[in-house]
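> Here it is: the structure, laid out below.
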Amino acid sequence: MPFIMITGLMDKENLLEAVKLGVSDYLTKPFKEADLLAKIDKVLL
């Protein structure tokens, strides 16, 4: 199941932890709606 993590944490340590947990993609706040929609399209392909 695709999972996109949205977080306010932007450092590499948190990104690596997210990857270890198996997230499909990672988005940091604040983000644009277009960015989220693009990531959703990417994981649904």
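The values are calculated or read from the model by the stated rules, or taken from the named source; none is laboratory data. Worth saying up front: this structure is predicted, and the values here are computed from it rather than measured. So basically every Cβ, Gly included, is an ideal-geometry build from the backbone, and we count neighbours across all protein chains shown.
> With the requirement that a residue be part of a loop (DSSP other than H, G, I, E, B), surrounded by 10 or more Cβ atoms within 10 Å (Cβ to Cβ) and of a type outside the set (A, V, I, L, M, F, W, C), what does the range 1-39 give you?
The answer is P2, S24.
> Between residues in the range 1-17 that are more than 21 Å from K32 (Cα to Cα) and residues that are surrounded by 10 or more Cβ atoms within 10 Å (Cβ to Cβ) and modelled with pLDDT of 90 or more, which pairs lie under 9 Å by C-beta distance while being six or more apart or on different chains?
M1/S24
> Still on this model: In the range 24-43, how many residues are out of contact with any Leu (no Cβ under 7 Å at 6 or more places or on another chain) and within 14 Å of P2 (Cα to Cα)?
Final tally of qualifying residues: 8.
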